[in-house]
Amino acid sequence: MQGRSSMEQEIAAQVIAKYLKKGNMARCLRDILPPAGLSKTQREEIAELVHDVVRWKKLYDHIIDTKGQVLSPQTYIQLAMEGAQSTASSYPFEYRYSCSPFVAQILQQYPDWADYLNETPPTTLCVNLNTTAPDQVMTLLHEEHLPAEHAILPTAIHTTSTSKYSPVVTQHHAHIQDENSQLIATLAASLGDSILDYCAGNGGKSLAMASITQNNKQLIAYEINADKRHTLHKRCLQYKAAVRVEDHLPDTQYDVVLVDAPCSGLGAARRNPEIKYIEDIDEYPPMQLNILQKAAHYVTSGGFLLYAVCTFTPEETATVIEQFIDKSSFTIHDITSLSDTTSFQQTRHGAFTSLPRGDIFYCSLLSNS
């Protein structure tokens, strides 16, 4: 973390000062970086420094308090640049891994994930197979002197965050999407010929499924939020993705219904480190169960309901599935029987994704048999 210029440190301090007052790291970065007249490289270096401060804020607060240091954005930056976290091995768990007591209690059951969630993730692209091929994308990135390497999935390429400015992305030959998110889309696309993306959001998994299937399956995307639905429709046109975007679901059933439900997002803490400081997830499980129950009506007999969340809290994963199957005719299907067993870690009610560089997703495959 050494080598940041004084100007970069000053702008990072502005971002951190705003974050300390208002939260929402991503918005603070968006508010301050674009008007600052920075190069792409400078933006990325400042964003990396801010991510590091937020990732280790709980630990840094503890160090500042125990050493009687001045609580200021500059102090946080100095601790980040010194790599203060490297000396935290003897600290209590919640400081050592910089998380809330609530999250610490969960992570103590998954010690490998505690380290993993404090790593800096790669930026991963999902190649648009309807307009190009992975090798062509690799060539274009290398011509721009951007690092690029094939990931495990055929559509996935690991690169750097600077790639978001590349024509590869701006001309819609690929979109930024975590590899395990692509894995969920790959699984859904393999299960049938008609697929409903029930909580489509801005369309990441819909675009991935259109790419994976090369527009050769019936893809329907439903999103209740009008702004997200507008973005989704626009992206499908830009990416030449044959996805029908619906604002009201027709009285139709599908081979596969994908429920990528709203969740706490703890599995994406490497990219969004402030999520490690949440104190509860009470709002999510009832919402997730309600969505799953409604989505189940759209699964044809013999079809599949695929529940996915980017988290690992018991309440949002196994408990939701237990409550759902207790009052439905659906049964749990072993995901590892349909996919490479190295891609998923099967549990009693579902599976966790296990591609080594992606976010942590939980999914449960439910059969309407």
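The values are calculated or read from the model by the stated rules, or taken from the named source; none is laboratory data. All values derive from a computational prediction rather than experimental measurement. Note that we place each Cβ from the backbone using ideal geometry, even for glycine, and neighbour counts take in every protein chain shown.
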Of the numbered conditions (1) of a type outside the set (A, V, I, L, M); (2) farther than 22 Å from Asp112 by Cβ; (3) out of contact with any strand residue (DSSP E or B) (no Cβ under 7 Å at 6 or more places or on another chain), Pro314 fails exactly one; give the number of that condition.
-> (2)
Note on Ser90: of the conditions (1) within 27 Å of Pro147 (Cβ to Cβ); (2) modelled with pLDDT under 95; (3) of a type in the set (Gly, Ala, Ser), unmet is (1)
Among Thr331, Thr311, Thr342, Thr353, which is the only one that is assigned by TED's automatic domain parsing to the domain that holds Pro285, closer than 25 Å to His158 by Cβ and exposed (fewer than 15 other Cβ atoms within 10 Å of the Cβ)?
-> Thr342
Please verify whether region 215-235 includes one or more residues that are small (Gly, Ala, Ser) and either part of a strand (DSSP E or B) or surrounded by fewer than 23 Cβ atoms within 10 Å (Cβ to Cβ) (or both).
-> yes
With respect to Asp135, is the statement that it is exposed (fewer than 13 other Cβ atoms within 10 Å of the Cβ) and either in contact with a strand residue (DSSP E or B) (Cβ under 6 Å, 6 or more places away or on another chain) or assigned by TED's automatic domain parsing to the domain that holds Ser166 (or both) true?
-> yes
Filter region 131-166 for residues that are in contact with a helix residue (DSSP H, G or I) (Cβ under 7 Å, 6 or more places away or on another chain) and within 20 Å of Thr41 (Cα to Cα) and give the result.
-> Leu140, Leu141, Leu146, Ala148, Thr159, Ser161, Thr162, Ser163, Tyr165, Ser166
Exactly one of Ser211, Ser301 is crowded, with 17+ Cβ neighbours inside 10 Å, in contact (Cβ under 8 Å) with a residue 60 or more places away in the chain and in the same structural domain as Tyr362 (by TED's automatic domain parsing), and that one is Ser211
Being on the phi > 0 side of the Ramachandran plot, surrounded by fewer than 21 Cβ atoms within 10 Å (Cβ to Cβ) and not assigned by TED's automatic domain parsing to the domain that holds Leu292, is that true of even one residue in region 168-187?
-> yes
